[in-house]
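Colleague: My questions all concern the structure below.
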Amino acid sequence: MAYANALTALADPTRRAVFERLRRGPASVGEIALGLPVSRPAVSQHLKSLKLAGLVGARSLGARRVYEIDPQGLHELRRWLETFWDEALEAFQREVEVGRPAKKRSKP
């Protein structure tokens, strides 16, 4: 249930802001913290939670750590969300196959 960890991590508004910042591409803690109403140490803690949830990865780039969205973790979340879409389509198909008569439109 990797999606549960991802949903829990993204439930926090600041974590979502950090995650959305990474949509623009890899960034260091300092770059991510710019424009956010939290300190760099707080951003680091949020990144740690996102990393534990499998949504973010980190790599060293010289003396800096650069964070980026982990496509595999995002894939797990997307796959779970798509089950709802699949269920909705199946329900729609069942309704169509039942062949309910269409309501007659009244003439204007």
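Every number in this text was worked out from the coordinates using simple rules, so none of it is lab data. Quantities reported herein were computed from a predicted structural model and do not represent experimental measurements. Glycine also receives a Cβ, built like all others from the backbone with ideal geometry; neighbour counts cover every protein chain displayed.
Colleague: Conditions: (1) of a type outside the set (S, T, N, Q); (2) surrounded by 14 or more Cβ atoms within 10 Å (Cβ to Cβ); (3) assigned to a helix (DSSP H, G or I); (4) in contact (Cβ under 8 Å) with a residue 12 or more places away in the chain. Tyr67 meets all but one. Number of the miss?
Modeller: Only one criterion in (1) of a type outside the set (S, T, N, Q); (2) surrounded by 14 or more Cβ atoms within 10 Å (Cβ to Cβ); (3) assigned to a helix (DSSP H, G or I); (4) in contact (Cβ under 8 Å) with a residue 12 or more places away in the chain is unmet by Tyr67, namely (3).
Colleague: Another question, then. Output the number of residues of region 4-34 satisfying the condition of being over 23 Å from Arg59 (Cα atoms) and in contact (Cβ under 8 Å) with a residue 12 or more places away in the chain.
Modeller: Residues meeting the conditions: 3.
Colleague: For region 52-64: of the residues being of a type in the set (A, V, I, L, M, F, W, C) and assigned to a strand (DSSP E or B), which is nearest to Ala17 (Cα to Cα)?
Modeller: Val56
Colleague: Taking Gly62 and the conditions (1) on the phi > 0 side of the Ramachandran plot; (2) exposed (fewer than 12 other Cβ atoms within 10 Å of the Cβ); (3) touching a residue at least 12 places away in the same chain (Cβ under 8 Å), which numbered condition does it fall short on, given that it satisfies the others?
Modeller: (3)
Colleague: How many of the residues in region 57-82 are touching a Phe, Trp or Tyr at 6+ places or on another chain (Cβ under 8 Å), under 11 Å from Ala27 (Cα atoms) and not small (Gly, Ala, Ser)?
Modeller: Residues that pass the stated criteria total 1.
Colleague: Looking only at residues that are among the β-branched types (Val, Ile, Thr) and assigned to a helix (DSSP H, G or I) in region 14-51, which one is surrounded by the fewest Cβ atoms within 10 Å (Cβ to Cβ)?
Modeller: So the residue we want is Thr14.
Colleague: Continuing with this model, one more query. Which of the residues spanning region 46-99 are aromatic (Phe, Trp, Tyr) and under 14 Å from the mean Cα position of the chain (by Cα)?
Modeller: Trp80
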